[in-house]
Every structure is written in C-alpha cells, then in structure tokens.
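Asker: Got a structure for you, questions after.
The values are calculated or read from the model by the stated rules, or taken from the named source; none is laboratory data. Source: prediction; values computed, not measured. Glycine also receives a Cβ, built like all others from the backbone with ideal geometry; neighbour counts cover every protein chain displayed.
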Amino acid sequence: MLGIVLAITASFCWGAGAIFTRLGLQNIKVSAGAFISMLSSVLLVGLLTLAMNFDDVVHLSPAALLWFALVGIVNFVLGRQFNFAAIRYIGVTKASPLFAAAPLFAMLLALIFLGESVNVAIIIGTLVLVPGLYLVVTSG
Amino acid sequence: MNTRRDVIIGRAFGIGAALAYGGSSVLVRYGVAGLAPPLVGAAVALLAGTLGLAVVGARHLDCTSLTQNTKPTVFLVLAGVMAALGIVASFFALDMVPVVIVSPLQSTSPLFALLGAYLFLGHLEKITLRLVVGSFLVVFGVILITLGRAI
C-alpha cells in the first residue's frame, strides 16, 4: 500500500512542480529558471543519496559515471529546458500532456534502435494517445 | 494571450521535451540498468544536468532582480524540490511494488497539473472540455503503452 501511495505522491509532485514552474517563469529567462530549479533538485537528491548510498557513490565506475552523466544531459539540460520553454509559451495545461507522451517516443526509439517488439496494448495505447494529444494541442 | 507563433514554438518545445525524456528513459533502460542503485544514478544525472544548465543558463541570471523580486525564485526552487521529491518517491515506490503498478500511477501527473491549474492558475490558463478530454485520453494511452512495454 505504501508503494502505491508513493507512486501517486510522485505523480502529484510532478504535477505540482509544473504549476510552480508556470508561476515562477513569468519574469525570468527559461534557461535561468531551469538552472534555479535544478540547483534545488540536485541539493535535495544529492544529500539524500550521500546519506543513504555513500559507499555506492564512492565506488561508482567511470563507465557508470559517464552513462549517468549522458542521461543527465539528455533528460535535464535538454528535457527540463524544453519543458520550461513549452510551459512558458503554451501554458502548463497544454504542455503537461505533451511531456506525458514521453513513453510513446521511448517506445518508438526502442522500436527503431533496439528492435523492441510491439504488442496489442501498445498499439491500442498509441491509438488512444495520439487523438488525445491532438485534442490538447488544438484546444482553444 | 499567446500568438500563433508562440503556440507553434511551445508545441515544438513540448514535443522536444517528450523526445528528450523518452530518449533518456531508453538510455536508462538499456545503458545504465544495474550499474548502480537508481538513486545514485539520479543524483549523478542531476549533477551533470545542473552543470550543463550552469553553462547555458547561469549567465542569464540577474542577481539584482532576483533579490528585488524573490517570488519567482521561490516558485522555481519549489518546482525543483517537487521534481526531486517526485524522483525520490518514484524510486522508493519501485522498491516496494512492481513497475506495472507504479508506471500507470505515475502517468497521471498531467491530471494533477490540470487540477492545480484549475485551482491556482485561473488567471493564466484557460481550461476547456476539449483539453480535459484530451488530457484523460493521453494519460490512458500512456498507461496502456507503459503496461504494454512492461509485460
């Protein structure tokens, strides 16, 4: 039960974060805003990680370090900046469903580059998601 | 009021963000799985992201205006804290229940954003029936796709 509560908490936190982003970005450049938010994120997660997994941090291999850094560049330098820019230009209610479509792109990338297979659930999901995105981006 | 140009740029950035998130999840799934505990990976990725954004964004920081008007800074710090809490809660959730339960629940964040916008951003955001129906369809579609990939 606690695991389910935590999963919903994660979803709530990301939704609330988008609202705070909308409120915070009104008089500040997107890249500067993304940097401020990243600083608070890294402080919180960094301290928690040092407290809970200090040995794992110390013994992290250079290969793992580089892979995680690559993930960070793609997810945060590109992803969070684009995320903030989209919220600035079209608002949180239209931008959030676009970000939520990330699993569709992950599936397409995995299909193209990693040969991942497609099943009925994925096909139906795509057929539901795409019209949903169309409704969101064309809403007045 | 958004101009047509703003809307096109905003949509492009939104799709760009989804591509970046999708791409990084593929990297995580096939590149870094098992290399270190997820929280350690998240911390390193966040640190690399912060350093990258320091290069791109720090030069745009106007400290004088930030200290004169602290409200936007406080909101952005809260946005970062919420994002971090989401990451941490997500990792602990995955430790306790299977991914087929966690992923669909996590996919509902646009609905929380929609509710938050309705409650707190009435002066900034217009919520229409079309937007609400579209958001629910997106969430439902994402749940099916994540379940389909997890089984």
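Asker: What are the pairs with Cβ atoms under 6 angstrom where one residue, in region A:44-62, is over 21 Å from B:GLY86 (Cβ atoms) and at pLDDT 90 or above and the other, located anywhere, is surrounded by 11 or more Cβ atoms within 10 Å (Cβ to Cβ) and of a type in the set (D, E, K, R)? Sequence gap at least six, or different chains.
Answerer: Close Cβ pairs (under 6 Å, with a partner that is surrounded by 11 or more Cβ atoms within 10 Å (Cβ to Cβ) and of a type in the set (D, E, K, R)) do not exist here.
Asker: If you check every pair at least six apart or on different chains, which have Cβ atoms under 6 Å apart with a residue in region B:122-140 that is free of Cβ contacts under 8 Å to residues at least 60 places away in the same chain and of a type outside the set (S, T, N, Q) first and a residue that is surrounded by 18 or more Cβ atoms within 10 Å (Cβ to Cβ) and not in a helix (DSSP H, G or I) second?
Answerer: Qualifying pairs under 6 Å: B:GLU125/A:GLY91; B:ARG130/A:SER139; B:LEU131/A:SER139; B:VAL139/B:SER107; B:VAL139/B:THR108.
Asker: As an exercise: evaluate A:VAL45 against (1) facing another protein chain (nearest Cβ under 7 Å); (2) closer than 17 Å to B:VAL56 by Cβ and give the number of the one condition it does not meet.
Answerer: In the conditions (1) facing another protein chain (nearest Cβ under 7 Å); (2) closer than 17 Å to B:VAL56 by Cβ, A:VAL45 misses (2) alone.
Asker: Pull out all pairs, ordered by first then second residue, where Cβ-Cβ is under 8 Å, the residues are six or more apart or on different chains, the first lies in region A:93-116 and is closer than 10 Å to B:VAL26 by Cα, and the second is among the aromatic types (Phe, Trp, Tyr).
Answerer: Listed pairs, sorted by first residue: A:PHE105/B:TYR21; A:ALA106/B:TYR21; A:ALA110/B:TYR30; A:LEU114/B:TYR30.
Asker: Given the criteria assigned to a helix (DSSP H, G or I), buried (at least 17 other Cβ atoms within 10 Å of the Cβ) and either of a type in the set (D, E, K, R) or assigned by TED's automatic domain parsing to the domain that holds B:VAL139 (or both), does B:LEU111 qualify?
Answerer: Details: assigned to a helix (DSSP H, G or I): yes; buried (at least 17 other Cβ atoms within 10 Å of the Cβ): yes; either of a type in the set (D, E, K, R) or assigned by TED's automatic domain parsing to the domain that holds B:VAL139 (or both): yes.
Against the criterion (assigned to a helix (DSSP H, G or I), buried (at least 17 other Cβ atoms within 10 Å of the Cβ) and either of a type in the set (D, E, K, R) or assigned by TED's automatic domain parsing to the domain that holds B:VAL139 (or both)), B:LEU111 qualifies.
Asker: While we're on this one: May I ask you to say which residue of A:ILE36, A:ILE8, A:ILE4, A:ILE19 is modelled with pLDDT of 95 or more and part of a helix (DSSP H, G or I)? Please lay out each step first, then the result.
Answerer: On the way: A:ILE36 fails: modelled with pLDDT of 95 or more; A:ILE8 fails: modelled with pLDDT of 95 or more; A:ILE4 fails: modelled with pLDDT of 95 or more.
Exactly one residue qualifies, and that residue is A:ILE19.
Asker: Another question, then. Restricting to region A:108-140, name every residue that is part of a helix (DSSP H, G or I), of a type in the set (Gly, Ala, Ser) and more than 7 Å from chain B (Cβ to nearest Cβ). Explain how you work it out, then say what you get.
Answerer: Within region A:108-140, the first condition is being part of a helix (DSSP H, G or I), and the residues that meet it are A:108-114, A:120-137.
Keeping just the survivors that are of a type in the set (Gly, Ala, Ser) gives A:110, A:121, A:125, A:132.
Across region A:108-140, there are no qualifying residues.
Asker: Please count how many residues of region A:48-62 are at the interface with chain B (Cβ under 7 Å from one of its Cβ atoms) and either touching a Lys or Arg at 6+ places or on another chain (Cβ under 6 Å) or part of a helix (DSSP H, G or I) (or both).
Answerer: 6
Asker: Filter region A:39-70 down to the residues that are more than 21 Å from A:GLN81 (Cβ to Cβ) and among the hydroxyl-bearing types (Ser, Thr, Tyr), then identify the one that is surrounded by the fewest Cβ atoms within 10 Å (Cβ to Cβ).
Answerer: Checked region A:39-70; the qualifying residue surrounded by the fewest Cβ atoms within 10 Å (Cβ to Cβ) is A:SER61.
Asker: Within region B:46-70, which residues are more than 30 Å from A:LEU50 (Cα to Cα) and either modelled with pLDDT of 75 or more or β-branched (Val, Ile, Thr) (or both)?
Answerer: B:THR64, B:THR67, B:ASN69
Asker: Within region B:66-107, work out how many residues are of a type in the set (Lys, Arg) and assigned by TED's automatic domain parsing to the domain that holds B:ARG149.
Answerer: Here is the first cut: in region B:66-107, the ones of a type in the set (Lys, Arg) are B:71.
Within this subset, residues satisfying the condition of being assigned by TED's automatic domain parsing to the domain that holds B:ARG149 are none.
Residues flagged as of a type in the set (Lys, Arg) and assigned by TED's automatic domain parsing to the domain that holds B:ARG149 within region B:66-107 amount to 0.
Asker: If the requirement is being among the aromatic types (Phe, Trp, Tyr), surrounded by fewer than 23 Cβ atoms within 10 Å (Cβ to Cβ) and either in a helix (DSSP H, G or I) or more than 7 Å from every other protein chain (Cβ to nearest Cβ) (or both), which of these qualifies: A:PHE105, A:PHE76, A:PHE99?
Answerer: Numbers: A:PHE76 fails: surrounded by fewer than 23 Cβ atoms within 10 Å (Cβ to Cβ); A:PHE99 fails: surrounded by fewer than 23 Cβ atoms within 10 Å (Cβ to Cβ).
None of the others qualify; the one that does is A:PHE105.
Asker: Could you count how many residues in region B:115-146 are among the polar types (S, T, N, Q) and either crowded, with 18+ Cβ neighbours inside 10 Å or closer than 23 Å to B:LEU105 by Cα (or both)? Give the steps one after another, and end with the answer.
Answerer: Kept after step one, since they are among the polar types (S, T, N, Q), are these residues of region B:115-146: B:128, B:135, B:146.
With either crowded, with 18+ Cβ neighbours inside 10 Å or closer than 23 Å to B:LEU105 by Cα (or both) added as a condition, the list becomes B:135, B:146.
Of the residues in region B:115-146, 2 are among the polar types (S, T, N, Q) and either crowded, with 18+ Cβ neighbours inside 10 Å or closer than 23 Å to B:LEU105 by Cα (or both).
Asker: Answer yes or no as to whether A:VAL71 is facing another protein chain (nearest Cβ under 7 Å), among the aliphatic types (A, V, I, L, M) and touching a residue at least 12 places away in the same chain (Cβ under 8 Å). So that I can check it myself, show each step before the final result.
Answerer: On the way: facing another protein chain (nearest Cβ under 7 Å): yes; among the aliphatic types (A, V, I, L, M): yes; touching a residue at least 12 places away in the same chain (Cβ under 8 Å): no.
No.
Asker: Okay, next question. Can we say B:VAL99 is at pLDDT below 80 and under 22 Å from A:LEU6 (Cα atoms)? Explain how you work it out, then say what you get.
Answerer: On the way: at pLDDT below 80: yes; under 22 Å from A:LEU6 (Cα atoms): yes.
Taking the combined requirement at face value, the residue satisfies it.
Asker: Please determine whether any residue of region B:75-89 is more than 20 Å from A:ALA34 (Cβ to Cβ) and at the interface with chain A (Cβ under 8 Å from one of its Cβ atoms).
Answerer: From region B:75-89, those more than 20 Å from A:ALA34 (Cβ to Cβ) are B:89; that's our starting set.
Those left that are additionally at the interface with chain A (Cβ under 8 Å from one of its Cβ atoms): B:89.
Within region B:75-89, one or more residues are more than 20 Å from A:ALA34 (Cβ to Cβ) and at the interface with chain A (Cβ under 8 Å from one of its Cβ atoms).
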